[in-house]
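Scroll down for the structure; my scribbles are underneath it.
The values are calculated or read from the model by the stated rules, or taken from the named source; none is laboratory data. Everything quoted here is computed from the prediction, not taken from an experiment. No Cβ is skipped: glycine too gets one built from the backbone with ideal geometry, and neighbour counts run over all protein chains shown.
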Amino acid sequence: MIEQVADPLPQATAVAKVVLELDVNNHPGVMSHICNLFARRAFNVEGILCMPVSDGKRSRIWLLVFDDHRLEQMVRQVEKLEDVLNVRRHGAEHEVFERLEGFFH
Amino acid sequence: MTQLTGAQLIVRLLERQGVQTIAGLPGGAILPFYDALSASSQIRHVLARHEQGAGFMAQGMARVSGVPQVCVASSGPGATNLVTAIADACLDSIPMVIITGQVPQAMIGTDAFQEVDIYGITVPITKHNFLVRSAEELLEVVPDAFRIAMSGRPGPVLIDVPKDVQNQLIEVQELPPPAVADLPPQLDLAAVEEAARMINEAVRPVLYLGGGVIHSGASPLAVQLAEQGGLPTTMTLMALGAMPVDHPLSVGMLGMHGARYTNFVLEEADLLICVGARFDDRAIGRAAQFCPNAKIVHIDVDRSELHKIKNAHVAIHADVTEALEALLPRVKAALRTDWLAQVADLKQRFPMQFPDIGDPRSHYGLIKAVADALDDEAVVATDVGQHQMWVAQAYPFRRPRQWLTSGGLGTMGFGLPTAMGAALAEPERTVVCFTGDGSFKMNIQELATLAEEGLNLKIVLMNNNALGLVYQQQALFYGKRQFASRYRVEPDFVKIAEGFGVPALDLDQADDPRAALAKALSEPGPCLIHATIDREQFVYPMVPPGAANTEMIGG
Ligand SMILES: Cc1ncc(C[n+]2csc(CCOP(=O)(O)OP(=O)(O)O)c2C)c(N)n1
Ligand SMILES: [Mg+2]
């Protein structure tokens, strides 16, 4: 059918960051489901960290993202993924990425 | 305790799930499964001529039944050929389980012959997907795939099975029970109360039904709500048939090719009750200018659809059936005489126009003549293009699941194999596929499958020897520079059909096209009905790209 004519993408002006904490099933492919979801919605992931928890059946994923107007929709899409058990939101003051700084400088 | 191969286990699990028919096309990496399938007395395999055909046959079966249906392909090119049919199912929320063969696990990642990462490829176009790593996993994965496909908002689920997993022996103590759908989300009764209050207080409410109403089996409830609340009702392309087109409260299809009056009625609305629809751009035009004066009640089983395009004043995350059942006793009976009179006045001033509908050699006339020769039990599928929009506008849909069309992806080539799927699932019905000459050529090889299966399917080919919808856009929006949209040669479709073993009727040659059509439609079995139509006929009215729905041209 017809091409889309849409308003230009609003420039991401928001600078505030948000930390998302995801509990997920730990099996190959979960990371690709999550990263692919952000990528195909043109939503930049600034930082990502993933480690298995407890008996290795679950993993925890930490994501550092910008708090733009699409975040709410993005989180709802993440919550729909079959392997995502829950999503928690933290402010940028959360220290998980801060504590890693040492490895990047 | 029984010993089974992984392949035999898949077949047993499919049988237990009640699967009757599978469409597919074999190749090396899926041969253990085919070998096991050959021993099944329950499951019938339909051999497609192209994997995309198999994918759409499964879709056709799913679209008429509402139950997840299965297609199968081999690794590599077999799997990639399914991609379009999977994406189409994903965008239209069609429940489907896709099984692909994969190279043995030891060879994954080595660029082995016919190795392709179909798991990776289908991540963005499935509801979920699996790469199975052991025969034991199948005990969970196969029922899970069906459960996910049918729960909440339906969708396609892919299972990629390496060949060694298909051959692996496993001791099975007990088969898992067949999958059932997850419980729907908990209904928020306070939100339902609030929605009912808004409906009761509204002066000019409009009910806006989407494909979710069909998926949820809620059409009778939606009609009941409309009648009780005196609600003029519009339907999206995906919802046609939810309310009979000639119901006094129906205002027809909204959006890009809806009637002028429909879009004007929406413009006047002070409340929009959106049920199982998603404010798609083809339906609402420019979002900011859609229903500018209306508050919005939005009911959807997919929470991420709520507030996505338009902020809802009341959002109800629920299965449509449950939400409507809760809403009905709370909505007051209302006549809304003034509002309905205003709607009737708009309808009279800006009606849908069907020029030449009395002439069966015109596009609308042909559609009308087909409809006149059939009853509401018939199933109608289309391909994609002008013919699709004309059928959506002019065919009198009166029953949910009567209408099968590619809405979200708009896939040319959808029509023939999807209609075949419908005919496979409901052999007692007459199935009609309206197609265009461009679309027809995209899965024309399935004529061979059609002849083999002898399905009761009539293909109505509306031949303008052009990619008509492209031609129309170039005429209207690209300064009439009609480039790459007209064909320079015209195949002899009648001979082609006959060459495949499908009887054909050329309406161009018929002295009495109406009688010839009625006869062809009433005889059992497959038939191609060929009709030349005028290339200069365009789909009107039309909302130009980027415009608001009220800024329609033509019609
Ligand atoms: C697979 C695919 N390729 C391209 C398009 C773009 N497209 C939309 S309609 C159309 C023309 C369809 O031609 P035809 O089937 O003859 O239908 P008509 O418009 O002539 O009725 C094209 C090329 C599409 N929808 N699907
Ligand atoms: Mg054409």
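With respect to B:Pro162, is the statement that it is in contact with a Pro (Cβ under 6 Å, 6 or more places away or on another chain) and surrounded by fewer than 19 Cβ atoms within 10 Å (Cβ to Cβ) true? No: the conditions fail for B:Pro162. Considering only residues in region B:263-308 that are polar (S, T, N, Q) and buried (at least 19 other Cβ atoms within 10 Å of the Cβ), the one that is farthest from the other protein chains (Cβ to nearest Cβ) turns out to be B:Asn263. The set of residues from region B:65-87 being surrounded by fewer than 24 Cβ atoms within 10 Å (Cβ to Cβ) and either more than 16 Å from ligand 1 (Cβ to nearest atom) or in the same structural domain as B:Thr418 (by TED's automatic domain parsing) (or both) comprises B:Ser65, B:Gly66, B:Val67, B:Gly76, B:Pro77. Looking at B:Val391, B:Val431, B:Val384, just one residue is under 30 Å from B:Glu51 (Cβ atoms), β-branched (Val, Ile, Thr), away from ligand 2 (no atom under 16 Å from the Cβ) and modelled with pLDDT of 95 or more, and that residue is B:Val431. Scanning region B:275-292 for residues that are outside any helix (DSSP H, G or I) and under 27 Å from A:Pro8 (Cβ atoms) yields B:Ala277, B:Arg278, B:Phe279, B:Asp280, B:Gly285, B:Arg286, B:Phe290, B:Cys291, B:Pro292.
Restricting to region B:1-42, count the residues that are in a loop (DSSP other than H, G, I, E, B) and surrounded by 16 or more Cβ atoms within 10 Å (Cβ to Cβ).
First, pick out the residues of region B:1-42 that are in a loop (DSSP other than H, G, I, E, B): B:1, B:17-20, B:26-27, B:38-42.
Keeping just the survivors that are surrounded by 16 or more Cβ atoms within 10 Å (Cβ to Cβ) gives B:17, B:19-20, B:26-27, B:40.
So the answer is 6.
Residues are listed down the side, and each one gets a yes or a no for (1) at positive phi; (2) modelled with pLDDT of 95 or more; (3) polar (S, T, N, Q):
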| position | (1), (2), (3) |
| --- | --- |
| A:Pro8 | no, no, no |
| A:Gln11 | no, no, yes |
| A:Val19 | no, yes, no |
| A:Leu81 | no, yes, no |
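Residue count for region B:114-124 under the criterion of being more than 10 Å from chain A (Cβ to nearest Cβ) and touching a residue at least 40 places away in the same chain (Cβ under 8 Å): the result is 5. For region B:191-243, filtering for residues that are of a type in the set (Val, Ile, Thr) and closer than 18 Å to B:Arg278 by Cβ leaves 6.
Applying a threshold of 9 Å to beta carbon distances and a minimum spacing of six or more residues, or different chains, the list of pairs starting in region B:423-449 at a residue that is of a type in the set (Asp, Glu) and ending at one that is assigned to a loop (DSSP other than H, G, I, E, B) and away from ligand 2 (no atom under 13 Å from the Cβ) reads B:Glu428/B:Glu377; B:Glu428/B:Asn456; B:Glu446/B:Ala48; B:Glu446/B:Arg49; B:Glu446/B:His50.
Would you check if B:Leu528 is touching a strand residue (DSSP E or B) at 6+ places or on another chain (Cβ under 8 Å) and away from ligand 1 (no atom under 12 Å from the Cβ)? Before the answer, list the steps.
Numbers: touching a strand residue (DSSP E or B) at 6+ places or on another chain (Cβ under 8 Å): yes; away from ligand 1 (no atom under 12 Å from the Cβ): yes.
Here the answer is yes, as B:Leu528 does meet what is asked.
Could you list, in sequence order, the residues of region B:464-483 that are among the small types (Gly, Ala, Ser) and either within 14 Å of chain A (Cβ to nearest Cβ) or more than 9 Å from ligand 1 (Cβ to nearest atom) (or both)? Lay out the reasoning, then the answer.
Residues of region B:464-483 that are among the small types (Gly, Ala, Ser), as a first pass: B:466, B:468, B:475, B:479.
The answer is B:Gly468, B:Ala475, B:Gly479.
Consider region B:409-427 and keep the residues that are of a type outside the set (Gly, Ala, Ser), within 16 Å of ligand 2 (Cβ to nearest atom) and within 14 Å of chain A (Cβ to nearest Cβ). The one that is surrounded by the most Cβ atoms within 10 Å (Cβ to Cβ) is B:Phe414.
Residue-wise test of (1) touching a Pro at 6+ places or on another chain (Cβ under 6 Å); (2) within 14 Å of chain A (Cβ to nearest Cβ); (3) within 16 Å of ligand 1 (Cβ to nearest atom); (4) among the basic types (Lys, Arg).
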| site | (1), (2), (3), (4) |
| --- | --- |
| B:Ala344 | no, no, no, no |
| B:Gln353 | no, no, no, no |
| B:Leu366 | yes, no, yes, no |
| B:Leu374 | no, no, no, no |
| B:Val380 | no, no, yes, no |
| B:Arg429 | no, no, no, yes |
| B:Phe440 | no, no, yes, no |
| B:Thr449 | no, no, no, no |
| B:Glu453 | no, no, no, no |
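Entry remark, region B:434-491: residues being aliphatic (A, V, I, L, M), surrounded by 19 or more Cβ atoms within 10 Å (Cβ to Cβ), away from ligand 2 (no atom under 13 Å from the Cβ) and assigned to a loop (DSSP other than H, G, I, E, B) number 2 in total.
B:Thr435 meets the stated requirement of being under 28 Å from B:Lys368 (Cβ atoms), β-branched (Val, Ile, Thr) and within 12 Å of ligand 1 (Cβ to nearest atom). Just so you know, in region B:125-150 the residues that are of a type in the set (Gly, Ala, Ser) and in a helix (DSSP H, G or I) include one that is farthest from the other protein chains (Cβ to nearest Cβ), and it is B:Ala135. Among the candidates B:Ile121, B:Ile94, the residue that is under 24 Å from B:Gly53 (Cβ atoms), in contact with a helix residue (DSSP H, G or I) (Cβ under 8 Å, 6 or more places away or on another chain) and not in a helix (DSSP H, G or I) is uniquely B:Ile94. If I filter region B:529-546 for residues that are among the β-branched types (Val, Ile, Thr) and part of a strand (DSSP E or B), do I get at least one hit? Checked against the condition, which is being among the β-branched types (Val, Ile, Thr) and part of a strand (DSSP E or B), region B:529-546 yields at least one hit.
Is it the case that region A:52-59 has a residue that's over 23 Å from B:Thr126 (Cα atoms), modelled with pLDDT under 95 and within 14 Å of chain B (Cβ to nearest Cβ)? Yes: region A:52-59 contains one or more residues that are over 23 Å from B:Thr126 (Cα atoms), modelled with pLDDT under 95 and within 14 Å of chain B (Cβ to nearest Cβ). Residues in region B:47-64 that are within 16 Å of B:Asn443 (Cα to Cα) and crowded, with 24+ Cβ neighbours inside 10 Å: B:Ala48, B:Glu51, B:Gln52, B:Gly53, B:Ala54, B:Gly55, B:Phe56, B:Met57, B:Ala58, B:Gln59, B:Gly60.
Per-residue answers, yes or no, for (1) surrounded by 16 or more Cβ atoms within 10 Å (Cβ to Cβ); (2) touching a Pro at 6+ places or on another chain (Cβ under 6 Å):
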{"residue": "A:Val5", "(1), (2)": "no, yes"}
{"residue": "A:Val15", "(1), (2)": "no, no"}
{"residue": "A:Leu22", "(1), (2)": "yes, no"}
{"residue": "A:Trp62", "(1), (2)": "yes, no"}
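Filtering region B:484-504 to residues that are farther than 18 Å from B:Thr532 by Cα, among the hydrophobic types (A, V, I, L, M, F, W, C) and more than 15 Å from ligand 1 (Cβ to nearest atom) leaves B:Phe500, B:Val502. For the residues A:Arg58, A:Arg40, the requirement of being surrounded by 12 or more Cβ atoms within 10 Å (Cβ to Cβ), of a type outside the set (Phe, Trp, Tyr) and either within 24 Å of B:Gly152 (Cα to Cα) or touching a His at 6+ places or on another chain (Cβ under 6 Å) (or both) singles out A:Arg40.
Quick check, is B:Asp319 within 22 Å of the chain's Cα centre (by Cα), closer than 30 Å to B:Arg429 by Cα and assigned by TED's automatic domain parsing to the domain that holds B:Pro220? In short, yes. When the residues of region B:382-404 are narrowed to those that are within 12 Å of another protein chain (Cβ to nearest Cβ) and part of a loop (DSSP other than H, G, I, E, B), which ends up nearest to B:Ala475 (Cα to Cα)? So the residue we want is B:Gly385.
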